[in-house]
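Participant: Pasting a structure below so you can have a look.
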Amino acid sequence: MGTQNFKIAVVVVSLLALLIVVPYCNSFVVLLATRAMVFAILAMSLDILLGFTGLPSLGQAAYFGVGAYLTAILANNYGFGLKWDFWLMIPIGMAVGGVLAAFFGLFAIRATGTYFLMITLALGQCVWGLAYRWNSMTGGDNGITMKGGRPQFGFDLSNHINFFYLTFAFFAATLLALYVLVRSPFGKSLLGIRERELRMRILGYNVWLHKYVAFIIAGAFGGLSGVLWAHANGIVTPETLVLTTSVDALLMTVLGGAGTLVGGAIGSAIVFGLREYVSTLVPWWQYVLGGVYVLTILYLPTGLMGIPERIKQWRNSQKKHETAKMASAPS
Amino acid sequence: MTSASRNLRSILIGTAVTVGLGLSAPVGAEELRIGYLAPLTGGLAQTGIDMRDGFLLYLDQHGNKLGGMDVKLIIEDEQGKGDVAVTKAKKLVLQDKVHMLIGGVLASTGYALAPVSTELKTMYIPTIPAADDLTQRRLTEFPYLVRTSWSSSQPHHPLGQWACDEGYKKIVTIAADYAFGYEVVGGFQKAFEDCGGKIVQKIWPPLGAKDFGPFIPTIKGDADAVFSLMVGPMPAQFIKQMRGAGFKKPILGGGTSYDEFVLPFMGDEAIGDVSALHYSAALQTPENEVFVKAYRAKFGKVPSYYSENNYTTAMWLDEAIKKAGGKFPGPEELIKIMVGIKLDKTPRGPVSFDDMRNPIQNIYIKKVEKKKMFGYDKDELWNTVTKTYPNVSQFWTYGKDKFLAQPVYDKNFPPCKFCE
Amino acid sequence: MNTQFWVVQAFNGISYGALLFLVGAGLSLIFGVMRIVNLSHGSYFLLGGYVALSVIGTTGSWLLSIPIATLTIAVVGLIMERLFLRPEGHAKLVRDAVIALGTALVIRLLIGPILPRLLPGQIGAIIQVTLVVIVLAIPIFLLLQRISAVAIEADLLRQVLMTVGFAFLFQQAALDIWGGNNFDIQPPSALTQSLVIGDIYLPLYRLFMIVGALVIGIALWLAMEKTRMGAAVRATVDDAQMARGVGIDTNKISMLIFALGAGMAALGGVIGGAFLGVYPGLDFEMLPIAFAVVIIGGMGSLGGAAIGALLVGLADNFGKALFPELAYFTLYAPMVLILAIKPTGLFGRD
């Protein structure tokens, strides 16, 4: 339990550091941090599936996209969500993500392993196809530019530092909510399903329902990140829910460490850092990104969050190795 | 693939990165800081490189100076994504303190960057994004925007008139199903029908379609010709498949169906097809010949309108800064100076601005021909200019007010009155 | 809409399906044997097209470009499989060395601008780069040796992600090597003609695609059904553990099938290059469509891939012709429906 508290303390301190330091950095860093945090919400929502339930989804961008499109459409066509009603947009975005997930879950949850990967990919592509082709609603390839700017409700969100604070609040709240969720008895049963599905089934758990609920929760938080994403960029295009966005979310989660929640946030920070910061320095940033993926996957299977564990393992094996050597030396 | 290996080698040896690093001269006398946004990775990378090269060529020819000011060009990879373009634009303005933003390719990127320019009170020159409303119905939202290139429908009004004058009566349109396609087809249809022609069918393949198998058999048999608007990898396949399917009638095209970005990769099937644009690399003027030769010598390919538009943008800025007294006078003032400048000797011909900050320029009706040009020894495909409509504005002959009173061209506007 | 319309549309759909079969069959077999979802399959398709372009550019021969591109990419696939997906023994050393060199190269690129030029001239620069990279690579290699990779063979998700990492690397490499133009492969003029039957024009190239896919499909089927090797492959698809138990070298089979799959995707890239073009972004465009084929047909089944390819080709074609507004949706929605009814696809086995 001691290490758990220590970990929580580290996370809290890091969050506070983020909150205090970033606003004093140059504005580009603030923008990137904001974008990374929005994406981190998506990555963490995916972690509920991947890390805690053992369901690798390749369609998480669907909820992200639906949240973002809905935000943009409501704002542009009805002026909704640009004043205090922004706060209504949050539950609406989560609801639409959740409802979509509830619908998709009916198809997807039966499948396991690779088949789950495939069916979520197919579902994600369906939503992409609609966004890409439904011109009258989504603006097709051009997407939707949000004409009204960011919401104003006494707190001027068009200021990028204010928007950073808002995003931070949602990011921290999501982290807390999901943490509580995975520590709850429900979360424990999810872990049980990930580890030993058959055993849980025999113990009388409704495995399908557990997975289904986890799927919906992940969808809801995906929707939330979409709402924020629309406002962060002021533009929503089919690029938002293309296959590579789902792949990105998956890679971020694994890069940081699946099953750790904060891993998704770390992965998101690294990917955005590489893609948008390193790309301001060098034109061949894609090699760096691809290289980091390959290196992590090969040498850090538990992600960056797994580094301490890896070092410990390595030391132990080193010790074992040495004692073995010493034992074998005299003979 | 010599350019390819050169590409790779320059990356390895590190010459290519110096521009991107922005590690140029220390701050001394005031330099002109330009934030340049172009996709350098992903599917649009080559477009971005052509744009950048056009701009760089001008700087190179003029000692890296515009109007006497040293230029610090900071090039950012916008990756062909609107949201990345927005972030990079803000980075350029807020961190690098650039005086202006230039670039973007897609209309969506133009629409994403224009509000950023308003918000940050920074001049923005969309050198490629052609969406009509950027300089039409929505211009008032973007006081810091000046467009040096074209609006989507601009070249296609004259083409519609031309088709009518040539005696075409019934035409079927096939165009990529997105806003740019609507605006191009809309402009063509408006002028063609106003003159008495009939658009009898509109077919909209999805953007990015390369297999036209599903669409070609649906073309109505009684049409005199087809008008196409294709982009990126679509045009070459379209022509090939049309002719392969036995279509023998004339094919007309919107600008990007035959521009010099796609032409070198087309087969001989394209010969004889007619299109319209505000630039052709085969334009026989001394200015253009010099430009084509210089560009080709330096970058190993014939310049496309992507390159020319950016070259001319640099030229326009050069004049504007010169007029401002060799310093950056602030965005409002520079825009005011710039829109008053008429250039007579750009590669594309004389250009000036209308009062909605879009160029008035020649529109060229071009026919694809296989021939030798400018002393190059190989037979190649060129867009031979067969007719010039001088000084065409984005409002064609309709007049600004009347034109702006109609809605922006869309999938169903103008309505297809003669489609069954 | 008369008979002619339906005939031409069906013909077009079938010919597109023929192309999809080449891409899908390899993907399906790889999955069947290795249980890997190979997300770099689209990259093989694109790289095949690019290699063919280079071959045509240097030799002028389209015919020659087909085997060369296929073999080149098969070797690329083979290397990827041997070093990164199923490394055994010395392969791990080679893999670490490759990674060390790659990492060193990236570091060299990063620090490049601040390094002094010690050797003069172009050749001097190249020598210097090589030396710096090697010097940097040695400590990295030793470090990698110490931390040693965690076995990836049994971890499905990591293998999938590994293939994505490679897809990104291939994408950038292709851009650097071949540039980003929209290339087109010109087949010999004999194939650009059309067969005219009454009012109906049937492009010979599409006919060629159908015949080509048929020939390859039948050859593969015969190989799978009638040879010992084929029997071993089928046994591995059914149950790899059992196959190993009865003495089948599943390791060799996985290597073979991966190379075959990569080669077929590349072949698709060459043949499709004359029909779709060759340009950056084609890789990630083909990938989901290839998956649609495999998912509908069922993974690991050659017959399934054939049926899946035909269905997707026809669904895509008729979807676009009849409901252009819903294109793509008409492609992926049936896929979801089939999966919902039968999660393993029409012909897949669990």
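Read the figures in this text as sums done on the coordinates, not as results from a lab. Small disclaimer: the values here were computed from a predicted structure and weren't measured. Note that we place each Cβ from the backbone using ideal geometry, even for glycine, and neighbour counts take in every protein chain shown.
Participant: Give or take rounding to whole Å, what are the principal axis extents of the alpha carbon atoms in the stretch C:219-350, in descending order?
Facilitator: In descending order, the Cα extents are 54, 36, 24 Å.
Participant: Using only alpha carbons, build the gyration tensor for the protein assembly as shown and give me the equivalent ellipsoid semi-axes, biggest first, whole Å.
Facilitator: Numbers: eigenvalues 403, 258, 185 Å².
Semi-axis lengths for the protein assembly as shown are 45, 36, 30 Å.
Participant: Using only Cα atoms, figure out Rg for chain B and give it as a multiple of 2.2 N^0.38 Å.
Facilitator: Values: Rg = 20.9 Å, N = 420, 2.2 N^0.38 = 21.8 Å.
Normalised Cα radius of gyration, chain B: 0.96.
Participant: Also, quick follow-up: Could you name the lysines in cross-link range of C:K252, using Cα to Cα under 26 Å and dropping any fewer than eight places away on the same chain?
Facilitator: Hits, sequence-local ones excluded: C:K92, C:K226.
Participant: With Rg and the Kirkwood Rh both taken from Cα atoms, where does Rg over Rh land for the stretch B:321-407?
Facilitator: Details: Rg = 18.0 Å, Rh = 16.0 Å.
Using Cα coordinates only, the ratio equals 1.12.
Participant: Ignoring solvent entirely, what values of log10 I(q)/I(0) come out of the Debye formula for the stretch B:175-289 at 0.17, 0.19, 0.23 Å⁻¹ when each Cα is a single scatterer?
Facilitator: Ignoring solvent entirely, the Cα scatterers give -0.85, -1.05, -1.49.
Participant: Looking only at other chains, what is the average number of their beta-carbon atoms within 10 angstrom of each beta-carbon in A:247-258? Please list the in-between numbers first.
Facilitator: Numbers: counts 8, 1, 0, 4, 4, 0, 1, 4, 1, 0, 0, 1.
Mean number of neighbouring Cβ atoms from other chains: 2.
Participant: Using a 10 Å cut-off around each Cβ, can you sort A:R133, C:R82, B:R147, C:R244 from fewest to most neighbouring Cβ atoms?
Facilitator: Details: A:R133 25, C:R82 19, B:R147 28, C:R244 15.
With the sparsest Cβ surroundings first, the list reads C:R244, C:R82, A:R133, B:R147.
Participant: Greater than 20 Å separation of Cα atoms is the criterion. Which listed pairs, B:K322/B:K345; B:K97/B:K345; B:K90/B:K327, meet it? Before the final figure, lay out the partial values.
Facilitator: On the way: B:K322/B:K345 17 Å; B:K97/B:K345 32 Å; B:K90/B:K327 23 Å.
The pairs that break the limit, which is 20 Å between Cα atoms, are B:K97/B:K345; B:K90/B:K327.
Participant: Rg/Rh for the stretch C:79-147: what does it come to with C-alpha atoms and Rh from Kirkwood? Can you show the working numbers first?
Facilitator: Details: Rg = 14.3 Å, Rh = 13.1 Å.
Ratio of gyration radius to Kirkwood radius for the stretch C:79-147: 1.09.
Participant: Taking the Cα centre of the stretch C:230-350 as the origin, how large is its charge dipole in debye, to the nearest 20, when only Lys and Arg (+1) and Asp and Glu (-1) carry charge on their Cβ atoms?
Facilitator: On the way: 6 positive and 8 negative charges, 48 e Å.
Approximately 240 debye in magnitude.
Participant: While we're on this one: Return the ratio Rg/(2.2 N^0.38 Å) for the stretch C:68-203, where Rg is computed over Cα atoms only. Display every interim value, and only then the final one.
Facilitator: Values: Rg = 22.0 Å, N = 136, 2.2 N^0.38 = 14.2 Å.
Rounded to two decimals, the normalised Rg is 1.55.
Participant: Let me ask something additional. How would you order C:206-219, A:225-238, B:90-103 from highest to lowest mean count of nearby Cβ atoms within 10 Å? Don't skip to the answer; put the middle values down first.
Facilitator: Numbers: C:206-219: 16.9, A:225-238: 28.4, B:90-103: 22.5.
Result, highest mean Cβ count within 10 Å first: A:225-238, B:90-103, C:206-219.
Participant: If packing is taken as the average number of other Cβ atoms within 10 Å across a peptide's residues, how do A:63-73, B:129-139, C:328-338 rank, most packed first? Provide the component values of the computation, followed by the final result.
Facilitator: Working: A:63-73: 29.3, B:129-139: 22.4, C:328-338: 20.7.
Order by mean packing, descending: A:63-73, B:129-139, C:328-338.
Participant: Oh, and also: Quote the Stokes-Einstein diffusion coefficient, in whole µm² s⁻¹, for the stretch C:1-71, based on the Kirkwood radius over alpha carbon pairs, a temperature of 10 °C and a viscosity of 1.306 mPa s. Before the final figure, lay out the partial values.
Facilitator: Details: Rh = 14.4 Å.
So the translational diffusion coefficient is about 110 µm²/s.
Participant: Now for a different question. May I ask for the angle, rounded to the nearest 10°, between helix A:27-50 and the longest principal axis of chain A, with both axes built from Cα atoms and the value confined to 0 to 90°?
Facilitator: Result, in degrees: 70.
Participant: Any idea what the dipole of the protein assembly as shown comes to, in debye rounded to 20, about its Cα centre with Lys/Arg Cβ at +1 and Asp/Glu Cβ at -1?
Facilitator: Numbers: 88 positive and 74 negative charges, 430 e Å.
Once rounded to the nearest 20, the dipole reads 2060 debye.
Participant: A further question follows. So what is the diffusion coefficient of the stretch A:1-159 in µm² per second by Stokes-Einstein at 20 °C and 1.002 mPa s, using a Kirkwood Rh over Cα pairs? Working shown, then result.
Facilitator: On the way: Rh = 18.2 Å.
Diffusion coefficient, whole number: 118 µm²/s.
Participant: Further question: Work out, in µm²/s and without decimals, the Stokes-Einstein translational diffusion coefficient of chain A at 4 °C, 1.567 mPa s, Rh from Kirkwood over C-alpha pairs. Please list the in-between numbers first.
Facilitator: Values: Rh = 20.8 Å.
Translational D for this selection: 62 µm²/s.
Participant: I've got another one for you. Over all residues in A:110-116, what is the mean tally of Cβ atoms on other chains that come within 10 Å of each residue's Cβ?
Facilitator: On the way: counts 3, 4, 2, 5, 9, 9, 2.
That average works out to 5.
Participant: Going by amide H atoms built from the backbone, whose H comes under 5 Å of the H on B:I203, apart from near neighbours?
Facilitator: Excluding prolines and chain starts, which carry no amide H, the hits are B:T173, B:I174, B:A175.
Participant: Using all C-alpha to C-alpha distances in the stretch A:190-330, build P(r) with 10 Å bins and read off the rounded percent in each one.
Facilitator: Bin by bin from 0 Å, the calculated values are 10, 26, 29, 20, 10, 4, 1, 0.
Participant: Neighbour counts of other C-beta atoms within 10 Å: give me B:T109, A:T280 arranged from fewest to most. Walk me through the numbers before you get to the answer.
Facilitator: Numbers: B:T109 32, A:T280 21.
Lowest count first: A:T280, B:T109.
Participant: If you average 1/r across every pair of different Cα atoms in the stretch A:15-109 and take the reciprocal, what Kirkwood value do you get, in Å?
Facilitator: Details: mean 1/r = 0.0651 Å⁻¹.
Evaluated on the stretch A:15-109, it is 15.4 Å.
Participant: Under 18 Å between alpha carbons, and skipping anything fewer than 8 positions from B:K65 in its own chain: which aspartates and glutamates qualify?
Facilitator: The qualifying aspartates and glutamates are B:E30, B:E31, B:D53, B:D318, B:E319.
Participant: Could you tell me which of B:G167, B:T148, B:Q201 has its Cα farthest along the dipole of chain B towards the positive end, charges placed at Cβ (Lys, Arg +1; Asp, Glu -1), taken about the Cα centre?
Facilitator: Positive-end residue among those listed: B:G167.
Participant: For the stretch B:124-190, what mean projected area does the convex hull of the alpha carbons give, in nm²? Don't jump to the answer; show the numbers that get you there.
Facilitator: Values: hull surface 20.1 nm².
Answer in nm², one decimal: 5.0.
Participant: Continuing with this model, one more query. May I ask for the equivalent-ellipsoid semi-axes of the stretch B:219-342, computed as the square root of five times each C-alpha gyration tensor eigenvalue and listed largest first in whole Å?
Facilitator: The answer is 38, 17, 11 Å, longest axis first.
Participant: Computed over the Cα atoms of the stretch C:169-275, what is the convex hull's projected area averaged over all directions, in nm²? Before the final figure, lay out each step's value.
Facilitator: Working: hull surface 41.7 nm².
The Cα convex hull of the stretch C:169-275, projected and averaged over all directions, gives 10.4 nm².
Participant: When only alpha-carbon atoms count, how far does the stretch C:42-133 stretch along each of its three principal axes, as whole angstroms with the largest first?
Facilitator: 47, 39, 21
Participant: Something else: Could you list, in their original order, any pairs among B:K301/B:K387; B:K169/B:K402; B:K248/B:K367 whose Cα atoms are separated by more than 23 Å?
Facilitator: Details: B:K301/B:K387 25 Å; B:K169/B:K402 26 Å; B:K248/B:K367 16 Å.
Distance filter (> 23 Å) returns B:K301/B:K387; B:K169/B:K402.
Participant: From the Cα gyration tensor of the stretch A:84-171, with a ≥ b ≥ c the square roots of its eigenvalues, which class applies: rounded if a/c is under 1.5, or else prolate if a/b is larger than b/c, or else oblate? The partial results should precede the final answer.
Facilitator: Numbers: a/c = 2.65, a/b = 1.70, b/c = 1.56.
Prolate, since a/c reaches 1.5 and a/b exceeds b/c.
Participant: Under the √(5λ) rule applied to the eigenvalues of the Cα gyration tensor, what semi-axes describe the equivalent ellipsoid of chain C? Give them in Å, descending. Don't skip to the answer; put the middle values down first.
Facilitator: Details: eigenvalues 286, 148, 64 Å².
That gives 38, 27, 18 Å for the three semi-axes.
Participant: State the antiparallel share, in %, of DSSP beta bridges confined to the protein assembly as shown, rounding to the nearest 5.
Facilitator: On the way: 30 of 60 bridges.
If we restrict to bridges inside the protein assembly as shown, about 50 percent are antiparallel.
Participant: Can you give the average number of partner chain beta-carbon atoms within 10 Å of each beta-carbon in peptide B:255-263, as a whole number? Display every interim value, and only then the final one.
Facilitator: Working: counts 0, 0, 0, 0, 0, 0, 2, 4, 0.
The shielding value for this peptide is 1.
Participant: Just order B:49-55, C:195-201, C:131-137 by mean Cβ neighbour count inside 10 Å, highest at the front, would you?
Facilitator: Details: B:49-55: 25.6, C:195-201: 12.0, C:131-137: 16.6.
For the peptides B:49-55, C:195-201, C:131-137, the packing ranking is B:49-55, C:131-137, C:195-201.
Participant: Let me ask you something else. Take every DSSP beta bridge whose two residues both sit in chain B, then give the antiparallel share in percent to the nearest 5. Don't skip to the end; give the middle numbers.
Facilitator: Values: 22 of 52 bridges.
Just about 40 percent of them are antiparallel.
Participant: Taking Cβ-Cβ under 4.7 Å as the only way to count a partner, pick out the unpartnered cysteines of the protein assembly as shown.
Facilitator: A:C25, A:C126 - these cysteines have no disulfide-compatible partner (Cβ-Cβ under 4.7 Å) in the protein assembly as shown.
Participant: For C:S54, C:S15, B:S307, what's the fewest-to-most ordering of other Cβ within 10 Å of each Cβ? Numbers along the way, then the final one.
Facilitator: On the way: C:S54 17, C:S15 25, B:S307 30.
Least to most surrounded, the residues fall as C:S54, C:S15, B:S307.
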